[in-house]
Amino acid sequence: MEGIIHSIETFGTVDGPGIRYVVFVKGCPMRCAYCHNPDTWLMQGGERKTVEEILDDYERYKPFLKGGGLTVTGGEPLLQIDFLIELFEEAKKRDIHTCLDTSGIQFRRNKPDIFAKYERLMKVTDLIMLDIKHIDPVEHKNLTGQPQDNILDFLKFMDEQEKTIWIRHVLVPGITLNETYLKQLGEYMAQFKHIKALDVLPYHSMGVEKYEKLGKPYPLAGVPEATKEQAIWAKDIILAAMKEKRNELIEKGLYE
């Protein structure tokens with residue numbers, strides 16, 4: 001089976017544990033205002049690669065991928081779920097650690113044929129890095145152009161499947177850099193047992209040049225970049241709220 005690929009990075013250090021082989025796929029239904037890869041939104045212009053081609057290329061770099069493995073990101077990988085399933089199933093046959101970096105926007109629990117594919121995918125996925133763009137439903141739609149329902153349901157599904165989950169949250173001044181929203185995010189995360197890490201990523205404007213090349217106006221023009229210090233502060237707020245809420249759930253017998 002072929003996937004439509006945007007690019008491949010052979011020495012990824014921020015896309016899961018260890019040094020990783022990172023496949024960027026084409027296609028995404030989200031239109032996040034801070035997206036730095038708008039060139040991945042459409043399927044057009046991608047390169048078609050087979051599962052075998054990708055994994056054979058992975059093997060060339062395997063000696064250098066210390067403590068790492070294969071990460072698929074995008075774009076939105078779940079738009080190409082059939083390809084993703086085959087890629088990860090074949091990767092596991094080669095004893096490769098698999099990581100899915102996703103927004104979860106494509107998840108559908110109420111469609112049995114689609115839901116079955118997610119169950120199959122989870123069997124061969126070692127780690128999911130889930131982007132929670134915004135915890136407030138109205139602000140989420142303003143920020144991404146999409147509702148958050150499927151994303152939060154996907155988080156619940158992954159927790160039910162007992163998968164290892166890393167949450168990623170981009171800190172944007174004036175949008176997500178807000179103590180109330182950060183606390184709400186921590187309180188929401190408290191109910192899930194399999195969240196093992198949280199990355200708070202400072203917003204940067206590295207995507208401006210790509211928007212210019214594509215002839216698109218940059219949605220966050222004039223918004224300052226977030227600092228590393230702000231990201232540390234925000235992470236502390238989220239984790240403190242998460243701990244407090246979890247203790248409350250434990251006291252009420254709602255968390256075991």
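The values are calculated or read from the model by the stated rules, or taken from the named source; none is laboratory data. Fair warning: this is a prediction, and the values are worked out from it, not measured in the lab. Here the Cβ positions follow ideal geometry from the backbone for every residue, glycine too, while neighbour counts run over all protein chains shown.
Checking 91, 33 one by one, the residue that is in contact with a helix residue (DSSP H, G or I) (Cβ under 9 Å, 6 or more places away or on another chain), part of a loop (DSSP other than H, G, I, E, B) and either among the small types (Gly, Ala, Ser) or under 20 Å from residue 197 (Cβ atoms) (or both) is 33 and no other. For the stretch 100-137, taking the residues that are assigned to a strand (DSSP E or B) and touching a Pro at 6+ places or on another chain (Cβ under 8 Å), the one that is nearest to residue 155 (Cα to Cα) is identified as 102. Filtered by the rule that a residue be small (Gly, Ala, Ser) and not in a loop (DSSP other than H, G, I, E, B), the stretch 190-209 gives a lone residue, 197. Does any residue of the stretch 168-176 turn out to be without any contact (Cβ under 8 Å) to a residue 40 or more places away in the chain and not basic (Lys, Arg)? The answer is no, given that none of the residues of the stretch 168-176 is without any contact (Cβ under 8 Å) to a residue 40 or more places away in the chain and not basic (Lys, Arg). Annotation: of all residues in the stretch 34-67 being aromatic (Phe, Trp, Tyr) and surrounded by 15 or more Cβ atoms within 10 Å (Cβ to Cβ), the one that is nearest to residue 78 (Cα to Cα) is 41. Among the residues of the stretch 147-173, those that are surrounded by fewer than 21 Cβ atoms within 10 Å (Cβ to Cβ), in a loop (DSSP other than H, G, I, E, B) and either more than 15 Å from the chain's Cα centre (by Cα) or hydroxyl-bearing (Ser, Thr, Tyr) (or both) comprise 147, 161, 162.
Just one residue in the set 231, 241 is within 24 Å of residue 128 (Cβ to Cβ) and out of contact with any Pro (no Cβ under 9 Å at 6 or more places or on another chain); that residue is 241.
Only one entry of 253, 222, 207, 215 meets the criterion of being modelled with pLDDT under 95 and in contact with a Cys (Cβ under 9 Å, 6 or more places away or on another chain), and that entry is 207. If you scan the stretch 94-122, which residues turn out to be under 15 Å from the mean Cα position of the chain (by Cα) and among the polar types (S, T, N, Q)? Within the stretch 94-122, 98, 102, 103, 106 meet the criteria.
Checking the structure you have, find out if any residue of the stretch 43-65 is among the aliphatic types (A, V, I, L, M), modelled with pLDDT of 95 or more, within 30 Å of residue 224 (Cα to Cα) and touching a helix residue (DSSP H, G or I) at 6+ places or on another chain (Cβ under 9 Å). The answer is no, given that none of the residues of the stretch 43-65 is among the aliphatic types (A, V, I, L, M), modelled with pLDDT of 95 or more, within 30 Å of residue 224 (Cα to Cα) and touching a helix residue (DSSP H, G or I) at 6+ places or on another chain (Cβ under 9 Å).
Applying the set (1) of a type outside the set (A, V, I, L, M, F, W, C); (2) part of a loop (DSSP other than H, G, I, E, B); (3) touching a helix residue (DSSP H, G or I) at 6+ places or on another chain (Cβ under 6 Å) to residue 183 leaves exactly one unmet item: (2). Here the condition is being loosely packed, with under 11 Cβ neighbours inside 10 Å and not in a loop (DSSP other than H, G, I, E, B); of 212, 244, 229, it holds for 229 alone. Cβ separations smaller than 7 Å between residues 6+ apart or across chains give the following pairs from the stretch 1-19 residues that are closer than 21 Å to residue 63 by Cα and acidic (Asp, Glu) to residues that are modelled with pLDDT of 95 or more and part of a strand (DSSP E or B): 9/22; 15/22; 15/71; 15/73; 15/99; 15/101.
Residue-by-condition table, conditions (1) buried (at least 21 other Cβ atoms within 10 Å of the Cβ); (2) without any contact (Cβ under 8 Å) to a residue 12 or more places away in the chain:
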| site | (1), (2) |
| --- | --- |
| 83 | yes, no |
| 91 | yes, no |
| 97 | no, no |
| 101 | yes, no |
| 104 | yes, no |
| 108 | no, no |
| 112 | no, yes |
| 121 | yes, no |
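Among the residues of the stretch 11-28, is there at least one that is among the β-branched types (Val, Ile, Thr), closer than 21 Å to residue 68 by Cβ, over 16 Å from the mean Cα position of the chain (by Cα) and part of a strand (DSSP E or B)? Taking every residue of the stretch 11-28 in turn, none turns out to be among the β-branched types (Val, Ile, Thr), closer than 21 Å to residue 68 by Cβ, over 16 Å from the mean Cα position of the chain (by Cα) and part of a strand (DSSP E or B).
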